[in-house]
Amino acid sequence: MNGSEPVPTLEAAGRVLSADVVSPLDVPPMNTSAMDGYAIRAADVTTHGNRRLPVSQRIPAGHAPGPLTPGTAARIFTGATVPPGADAIVMQEQTEAAGDGVTILHSPRPGEWITAQGADIRSGSVILPAGTRLTPQALGLAASVGCAELQVRRRVKVAVFFTGDELTMPGEPLKPGAIYNSNRFTLRGLLENLGCEVSDFGIVADNLDATRATLREAAQAHDLILTCGGVSVGEEDHVKPAVEAEGRLTLWQIAMKPGKPLAFGAVRRGAGSRAAAEPSAPSAETFFIGLPGNPVSSFVTFLLFVRPFLLRLAGVQAVAPRAVVARGLHPEQGGSPQRVPPGPRQCGWRSRSVPEPEFGRADVHGVGRRFDRQSAQSCDQCRRNRALHSFFRVAELRPAAPAASHEDSIAIFRERA
């Protein structure tokens, strides 16, 4: 996906860098004090010599000091510039101040409690590489080297629509056989959290012509068309044949439950688009992903497939979810879950899939449970257990030898910051 723009650093949260951020300066830009105390020459304070020094100056943070007169101390505060001539800081807890002088109760080493210039960041170093999704802490890092604006990739443009004659929006009367369109709220929120520009085409009737017309319209000015429902094998599922008629379908159905009827492909852009003059170019098509209509299925497949795809479109390099390994117990086992080693490869353990009946319950340190059914109760459990951005991969871990207790490992995938 091409295109970038400069944005103020204060408004860049969630955006993706299109160019490296290079520090124009050292951080800190000068030697600074790491403590409230006194700046001295270490040679002026010896074990058996005079430890009382006159205070020659006071240095708050943000003020330029004068050179330190030999045989004197300078009152200094955290973050203030160390005066020329001083080579150590003695924290105030190791001193006794009286009148215009201070008694040093500690023999410092040269460099003690001094943060050297460039200790955190060196001038000319890359502090944020291109492809970084900007978190609040990344913005703070950019601001610390004086970046008032950042060059970022343009936002991914996503067209989304939902199929099903049974769908009704909240606030409207619920007719016999109808259900409320909860997927619209979930997917819109997920897309907006990723920083996408979302065009919502609403609910499209279960009609092949209407579906094809919406696909053609959505393809004109978007990077991705995301649909929900209509990708299975029923007589009223028109998304698959519509995409095949308006473009190409590269993938249909995956070996996963919930989420089997996932579709991926592309829709041709029409004669009115700028890319139409170059049909062979990638920009002549708009990517397409079709999600199942079941709320749990659409949610899980979005996290597994759509989210990393969108992040990669936006220019993010690291798009794989991070895994945290926890342990679940089988019904025949008592006690509470215990911590497991980092992973099977590091422990010499092997992994195999776990049959459904073998799984039993899986309490993950009281956080949540695996959901065996694609039900509203599962969605509610997901919400109440704060697992909205979590899903589970199950594997049985056994020591190579000898055999140990029967325990499952659950890897909980959470969205990156």
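The values are calculated or read from the model by the stated rules, or taken from the named source; none is laboratory data. Since we're looking at a predicted model, the values are computed, not measured. All Cβ positions, even for glycine, are placed from backbone atoms using ideal geometry, and neighbour counts span all protein chains on display.
Could you give me the residue pairs with C-beta distances under 6 Å whose first residue belongs to region 1-16 and is not assigned by TED's automatic domain parsing to the domain that holds residue 142, whose second residue is surrounded by fewer than 12 Cβ atoms within 10 Å (Cβ to Cβ) and part of a strand (DSSP E or B) wherever it lies, and which are 6+ apart or on separate chains?
none
Looking at 54, 67 in this structure, which one is free of Cβ contacts under 8 Å to residues at least 40 places away in the same chain and either in a strand (DSSP E or B) or farther than 30 Å from residue 312 by Cα (or both)?
67
Is it true that residue 161 is farther than 28 Å from residue 320 by Cβ, buried (at least 19 other Cβ atoms within 10 Å of the Cβ) and of a type in the set (Phe, Trp, Tyr)?
yes
Restricting attention to region 27-48, does a residue exist that is outside the structural domain of residue 140 (by TED's automatic domain parsing), of a type in the set (Phe, Trp, Tyr) and within 30 Å of residue 141 (Cβ to Cβ)?
no
Suppose we filter 56, 33, 4 for residues that are surrounded by 15 or more Cβ atoms within 10 Å (Cβ to Cβ) and in contact with a Lys or Arg (Cβ under 7 Å, 6 or more places away or on another chain); which single one remains?
Being surrounded by 15 or more Cβ atoms within 10 Å (Cβ to Cβ) and in contact with a Lys or Arg (Cβ under 7 Å, 6 or more places away or on another chain) holds for just one of 56, 33, 4, which is 4.
Of all residues being of a type in the set (Gly, Ala, Ser) and within 30 Å of residue 299 (Cα to Cα) in region 110-158, which is surrounded by the fewest Cβ atoms within 10 Å (Cβ to Cβ)? Just the residue, please.
Out of the qualifying residues, it is 130.
When only residues in region 252-270 that are touching a Leu at 6+ places or on another chain (Cβ under 7 Å) and part of a strand (DSSP E or B) count, which is farthest from residue 222 (Cα to Cα)?
263
Against the conditions (1) closer than 30 Å to residue 228 by Cβ; (2) free of Cβ contacts under 8 Å to residues at least 60 places away in the same chain, where does residue 163 fall short? Just the number, please.
(2)
Failed condition for residue 15, given (1) basic (Lys, Arg); (2) buried (at least 19 other Cβ atoms within 10 Å of the Cβ); (3) more than 24 Å from residue 143 (Cβ to Cβ), with all others met?
(3) is the only condition that residue 15 fails.
Checking residue 85 against (1) over 14 Å from residue 34 (Cα atoms); (2) touching a residue at least 60 places away in the same chain (Cβ under 8 Å); (3) surrounded by 15 or more Cβ atoms within 10 Å (Cβ to Cβ), which single condition isn't satisfied?
Every listed condition holds for residue 85 apart from (2).
Table: residues versus (1) in a strand (DSSP E or B); (2) in contact with a His (Cβ under 8 Å, 6 or more places away or on another chain); (3) closer than 21 Å to residue 312 by Cα.
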{"position": "215", "(1), (2), (3)": "no, no, no"}
{"position": "221", "(1), (2), (3)": "no, no, yes"}
{"position": "225", "(1), (2), (3)": "yes, no, yes"}
{"position": "244", "(1), (2), (3)": "no, no, no"}
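Just to be sure, is residue 99 closer than 30 Å to residue 314 by Cα, surrounded by fewer than 19 Cβ atoms within 10 Å (Cβ to Cβ) and without any contact (Cβ under 8 Å) to a residue 24 or more places away in the chain?
no
I'd like the full set of residues that are modelled with pLDDT under 95 and aliphatic (A, V, I, L, M), limited to region 157-198.
Hits for region 157-198 are 167, 169, 174, 178, 179, 194.
Which numbered condition trips up residue 107, out of (1) touching a strand residue (DSSP E or B) at 6+ places or on another chain (Cβ under 8 Å); (2) surrounded by fewer than 20 Cβ atoms within 10 Å (Cβ to Cβ); (3) closer than 30 Å to residue 95 by Cβ?
For residue 107, the failing item is (1).
Can you work out which of the residues in region 182-213 that are in contact with a Gly (Cβ under 9 Å, 6 or more places away or on another chain) and part of a strand (DSSP E or B) is surrounded by the most Cβ atoms within 10 Å (Cβ to Cβ)?
204
Quick one: is residue 221 modelled with pLDDT under 95 and of a type outside the set (Phe, Trp, Tyr)?
Considered against the rule, which asks whether it is modelled with pLDDT under 95 and of a type outside the set (Phe, Trp, Tyr), residue 221 comes out as yes.
Report whether or not residue 104 is of a type in the set (A, V, I, L, M) and either within 30 Å of residue 7 (Cα to Cα) or within 44 Å of the chain's Cα centre (by Cα) (or both).
Taking the combined requirement at face value, the residue does not satisfy it.
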